[in-house]
Amino acid sequence: MTECSANKPANGEACHRTKNGKKPGRNGYVKNHFHLNRQQPQKSYSPKEKGLQASCNGVAYNRPFIESFEETPMLVAVLTYMGYGILTIFGYLRDFLRDWKIEKCHIAREREEQKEFVPLYQDFENFYTRNLYMRIRDSWNRPICSVPGPKMDLVERVSHDYNWTFEHTGKVVKDVINLGSYNYLGFAENSGPCAEAAAEVTEKYGVGVASTRQEMGNLDKHEELEQLVARFLGVESAMVFGMGFATNSMNIPALTGKGCLILSDELNHTSLVLGARLSGSTIRVFKHNNMQSLEKLLRDAIVHGQPRTHRPWKKILIVVEGIYSMEGSIVRLPEVIALKKRYKAYLYLDEAHSIGALGPRGGGVLDYFGLDPRDVDIMMGTFTKSFGAAGGYIGGRKELIDYLRTQSAQRRLRHLHVPPIAQQIIASMKCIMGEDGTTIGRERLRQLAENTAYFRRRLREDGFIIYGNNDSPVIPVMLYMPAKIGAFGREMLKRNIGVVVVGFPATPIIESRARFCVSAAHTREMLDTALSVLSEVGDLLQVKYSQHRTQPPMYQAFHDTSYEDADN
């Protein structure tokens, strides 16, 4: 076992560095476990204790921070590479048959008269799409014909040409347990107070705004929503947008430009990457959640300045996510904030998956670590996950939001939330905050934490390799081999379990996985049914790769005392 990536914690015990900040040189668990910083001799951690501090890189943590990434077993890695090698050989053989018109090719290709032009299609991605993706395409884009709640209904479809096209059979697969939607708090529902409030607003306002916000599309509901979001985040002001992806891609260019430097985590979402590229800023990438890598880039940026001229950078912006949606890891925010302050940089925090899903009050990673919202310069998040709606927001100082109101292309050119969506966000957010006069929000936060801890523990006991933080509701289960991506999704659906399988280019080409998203709406019976099926399919496909079936120490996602403090 290896421990936190710092050289020495505050209590003087040595910590071992890990490769790339997460994987050791040999097979086994990596546990980024911060030691307790106390003067008296160490003792085992108890969830009932209060005031315990953990430390890494000299930064205090108010809770144990445990992430595990078990390295790929050598045999599995070799077989995975062999599998891709065999697929590549047969892919070239099939391309040869297509060139000679022996096999029909359905995918877009360069026309003969345009062979001398700059290619429109990237060769490798096209090769991968037509020779691997198409073989397992039935695992994605399945049409749903119900609310994407803890259970859902799927439209049955078949393909007669190896997944190039699909036909609907007219049948519906009923009551599929949904382990793929980002419905963390269960607000994606068609009944209950939130749905009723949205229906009432629809009757009053209709279902469209028919104008941009700067013209005739600004409703009182939008003003109410922004004030509520600012209060929920604990910031001076907030601004909402109609599309989560564009909240990143259209606003980062308004914040940075030529002569600015963006330091981006290597696993940041595509929307962040696109926004950084559109800004025209210089982009440098640091290793995932690796504070040594980030600090080195910060030092180099300050010492050397801009390339060629060596002038100081106009602005340095650190861009990170709260929960990384493919790894299930949580950003080491206390350390990032410490580095940001030390080197006078700005911090952009994307809480798309963490807002509403972490913290005793559902306030995201800042709430999870007990940090001051003023330490983050730009707070971004989306309403598509925990709030069961759509769109995104940016929160921060009033000067920042006033600037974005005039400079953001998305505000000037895009429509805002339609009234029912705005009301859904308002109702669900008030529920989380307890302003609806009920304890529903608090109970759902507790249930999500319990479901997350239970699901992760059972998966480890069954021998699956899972990634991420113990408190993250995003739970990747590693599949590795290309043939098992489609097989896993199909076998689970046969047993009425809907899952999301993920492969290249969303992950490294040899790190294919199934990604589970736990919800507060899942009952223990649903989770036990899903875990039983998972164990059965895991044995069938032989994907229980873990060499460490012994359960590592687990901690409650939230202390009981945390919930008591939340009421004060």
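The values are calculated or read from the model by the stated rules, or taken from the named source; none is laboratory data. Keep in mind the model is a prediction, meaning the values are calculated, not measured. With ideal geometry, Cβ positions are generated from the backbone for all residues, glycine too; neighbour counts draw on all protein chains shown. Note: accessible area is taken over every heavy atom of the protein model, side chains too, but ligands, DNA and RNA are not part of it. Shrake-Rupley method; radii C 1.70, N 1.55, O 1.52, S 1.80 Å.
A few notes on this one:
- Residue pairs whose Cβ atoms lie under 7 Å apart, separated by 6 or more positions or on different chains, with the first residue in segment 390-403 and exposed (fewer than 14 other Cβ atoms within 10 Å of the Cβ) and the second charged (D, E, K, R), are Lys398/Glu236.
- Residue tally, condition in contact with a helix residue (DSSP H, G or I) (Cβ under 9 Å, 6 or more places away or on another chain) and either open to solvent by less than 10 Å² (accessible area, probe 1.4 Å) or in a helix (DSSP H, G or I) (or both), over segment 211-252: 23
- Boolean, Glu189 is over 19 Å from Gly364 (Cβ atoms), of a type outside the set (Val, Ile, Thr) and loosely packed, with under 15 Cβ neighbours inside 10 Å: no
- The strands (runs of 3 or more DSSP E) located wholly in segment 469-555 that include 2 or more residues which are open to solvent by less than 30 Å² (accessible area, probe 1.4 Å) and out of contact with any helix residue (DSSP H, G or I) (no Cβ under 7 Å at 6 or more places or on another chain) occupy 474-480, 512-517.
- Picking from residues in segment 423-468 that are open to solvent by 10 Å² or more (accessible area, probe 1.4 Å) and part of a loop (DSSP other than H, G, I, E, B), the one that is nearest to Tyr368 (Cα to Cα) is Gly434.
- Qualifying residue in segment 438-449 (condition: more than 20 Å from the chain's Cα centre (by Cα), more than 30 Å from Leu278 (Cβ to Cβ) and among the hydrophobic types (A, V, I, L, M, F, W, C)): yes
- Near pairs, Cβ below 7 angstrom, 6+ apart or cross-chain, from segment 74-95 (under 25 Å from Tyr545 (Cα atoms)) to any residue that is open to solvent by less than 20 Å² (accessible area, probe 1.4 Å) and assigned to a helix (DSSP H, G or I): Gly83/Pro482; Tyr84/Pro482; Leu87/Asn131; Leu87/Pro482
- On inspection, Arg411 does not qualify as more than 30 Å from Asp300 (Cα to Cα) and either open to solvent by less than 20 Å² (accessible area, probe 1.4 Å) or in contact with a His (Cβ under 6 Å, 6 or more places away or on another chain) (or both).
- Picking from residues in segment 280-311 that are open to solvent by 30 Å² or more (accessible area, probe 1.4 Å) and touching a helix residue (DSSP H, G or I) at 6+ places or on another chain (Cβ under 8 Å), the one that is farthest from Leu349 (Cα to Cα) is His310.
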